[in-house]
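What follows is calculated from the coordinates using simple rules that are stated; it is not laboratory data. Only a predicted model underlies this, so the values are computations on that prediction, with no experimental measurement involved. We place every Cβ from the backbone using ideal geometry, glycine too, and count neighbours over all the protein chains shown.
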Amino acid sequence: MDFENIIVEQENGLAKIIINRPKKLNALNKATIQELHSAFDALETDEKVKVIVLIGSGEKAFVAGADIAEFAHFSEKEGASLAKKGQEILFDFVENLATPVIAAINGFALGGGLELAMACHFRIASDNAKMGLPEVSLGVIPGYGGTQRLPQLVGKGKAMEMIMTAGMITAEEAKQFGLVNYVVTLEELMPLAEKLAGKIIRNSSIAISAAIVAINAGFVDGVNGYKIEINAFGNSFSTADFKEGTTAFLEKRKPKFLGS
Ligand code: COA
C-alpha cells in the first residue's frame, strides 16, 4: 500500500498504521483522512491481519487535531459536510471495524486526534502524551464524535469540563479517568502494543469481531445490546472456531483458530 501521509507496516498478524505528517504534528487533513480510510478498509479484509495499531510518527504527536489551515475558511455547509464525511469514512468506520484497533498515543492527541483515538477499540499512551478537545478555543465544537465518545469514556461531568475548558490532561490523568488503559514510557509504547496484540491474536478473530459488534450495540440509541449479544452468542455455535476452541480445551491442547 502506497500512501503520501501514512505508512502501513504488516508482520505476523499485526498491522501498524503510522500517521506521517510530523512537521504538522500529524494533523488530519482531508487527504490523510481518505488514506486512513483506504488503509483500514484494506486491512480489515486482509485475512492475515488480526490486530491494527494506530500511532503518530515522531516523538511529539499522535495527532494534533484536524488540519485547522484546511477548514479555517469553510462555510456552515462545508463545516457540516466535513464532520459528516469524516465521521462516516473514518471515525465511525474505525469504531465498527471487524478487526481490533489499538490507539498508541505517543504525544499530543488533540481535537480530531483524540477523537480518532477514542474511535479506536482501546487506547494506550506514553507518559509524554497530552490529550484534550480544544475546539471551543477555536470557536467550534468537536465534530468527529468527541461530544459523544468522550462522555462514554470519562463520564459526562469530566467530558463537560474538558470540552468547556479546552484544556489538556496528562497521560496519567487520562488513565485515572478511563480514557487510556495503560501508560508507559515512549520507548515501551510500541512493545506494549505488540504484547497486547499478541494476546489478542491468540484468540478467535471471528468471535472478537462479534464481540466488537455486541459491545458497540450497547452505545447505539434504540438498539438493545443484550438482544444483539444473544444473537451473536448463538451465531458463534456455528463457527469452526467454536468447535476448535471447545475441542482444544477438552483435549487439553492449545486451539488453532482459523477465524471462521
Ligand atoms: N492543524 C494544522 N496545523 C497544525 C495543527 C493543526 N491542528 N497542529 C499543529 N500544526 C502545525 C503548526 O501550525 C506548525 O506548523 P508550521 O511549522 O508550518 O507553523 C507545526 O504543526 C508545529 O506546531 P507548533 O504549534 O509550532 O508546535 P508547538 O510545540 O509550539 O505546539 C501544540 C504544539 C499541539 C500545542 C500546537 O501546535 C497546537 O495548539 N495545535 C493545535 C491543536 C488544536 O487546536 N487542535 C484541534 C483542532 S480542531
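The alpha carbons of the stretch 98-141 stretch over 35, 27, 8 Å along the principal axes, in descending order.
Go through LYS77/LYS175; LYS30/LYS77; LYS23/LYS158; LYS16/LYS77; LYS60/LYS199 and tell me which ones have a Cα-Cα distance over 26 Å in this structure. From the list (LYS77/LYS175; LYS30/LYS77; LYS23/LYS158; LYS16/LYS77; LYS60/LYS199), the Cα-Cα distance tops 26 Å for LYS77/LYS175; LYS23/LYS158; LYS16/LYS77; LYS60/LYS199.
The length gained by stretching the chain between LYS254 and GLU47 to full extension, at 0.36 nm per residue less their Cα-Cα distance, is 72.4 nm. Helix 30-44 and the longest principal axis of the Cα set of the chain meet at an angle near 0°.
Answer rounded, prolate or oblate for the stretch 115-175, using the Cα gyration tensor with square roots of eigenvalues a ≥ b ≥ c: rounded when a/c is under 1.5, else prolate when a/b is larger than b/c, else oblate. Note, shape of the stretch 115-175 comes out prolate. In a DSSP loop and with at most 16 other Cβ atoms within 10 Å, the chymotrypsin sites (Phe, Trp or Tyr not before Pro) in the stretch 209-249 are PHE219, PHE237. Using a/c under 1.5 as the rounded threshold, could you call the stretch 28-73 rounded, prolate or oblate? The axes a ≥ b ≥ c are square roots of the C-alpha gyration tensor eigenvalues, and prolate needs a/b larger than b/c, oblate otherwise. Oblate. Computed 3J(HN,Hα) for the stretch 211-224, one whole-Hz value per residue from the Karplus formula 6.51 cos²θ - 1.76 cosθ + 1.60 where θ = phi - 60°, is 5, 4, 4, 5, 5, 4, 4, x, 10, 9, 4, x, 9, 8, glycine and proline marked x. The GluC sites (Glu not before Pro) of the stretch 1-93 meeting both criteria, a DSSP state outside H, G, I, E and B (loop) and at most 14 other C-beta atoms within 10 angstrom of the site's C-beta, are GLU4, GLU47, GLU59. Separation of the stretch 44-72 and the stretch 99-167, taken as the distance between their Cα centroids, equals 14 angstrom.
The Cα atoms of the stretch 171-237 give a gyration tensor whose axes a ≥ b ≥ c have a/c of 1.5 or more with a/b no greater than b/c, which makes the shape oblate.
Rg/Rh for the chain stands at 0.98; both radii use Cα atoms, and Rh follows the Kirkwood definition. Between the helical axis of 240-250 and the longest alpha-carbon principal axis of the chain there is an angle of about 60 degrees. Relative intensity of the stretch 64-187 on a log10 scale, I(q)/I(0) at q = 0.14, 0.17, 0.21 Å⁻¹, equals -0.56, -0.83, -1.23, per a Debye sum over C-alpha point scatterers of equal strength in the absence of solvent. Distant-in-sequence amide contacts of GLY56, defined by a placed amide H-H separation under 5 Å and a gap of 5 or more residues or a different chain, comprise ILE19, ASN106. Its relative contact order, with pairs defined as Cα atoms under 8 Å and 6+ residues apart, puts the chain at 15 percent.
The GluC sites (Glu not before Pro) of the stretch 171-260 meeting both criteria, a DSSP state outside H, G, I, E and B (loop) and at most 13 other C-beta atoms within 10 angstrom of the site's C-beta, are GLU251.
In the chain, the longest principal axis of the Cα atoms and the axis of helix 186-201 are about 30 degrees apart. When each of the peptides 134-146, 102-114 is scored by how many other beta carbons lie within 10 Å of its residues on average, the order from highest to lowest is 102-114, 134-146. Three semi-axes describe the equivalent ellipsoid of the stretch 205-250; taken as square roots of 5 times the Cα gyration tensor eigenvalues and ordered largest first, they are 24, 9, 7 Å. Computed from backbone phi with θ = phi - 60° and the Karplus coefficients 6.51, -1.76 and 1.60, the 3J(HN,Hα) list for the stretch 80-97 is 4, 5, 4, 5, 4, 5, x, 4, 5, 8, 10, 5, 5, 4, 5, 4, 9, 5 Hz; x is used for glycine and proline.
Need the list of aspartates and glutamates near LYS85 for cross-linking: C-alpha distance under 14 angstrom, and skip anything on the same chain fewer than eight residues off. Output for LYS85: GLU35. Across the stretch 55-64, rounded Karplus estimates of 3J(HN,Hα) from the backbone phi angles (6.51 cos²θ - 1.76 cosθ + 1.60, θ = phi - 60°) give 8, x, 7, x, 10, 10, 9, 6, 8, 8 Hz, Gly and Pro being marked x.
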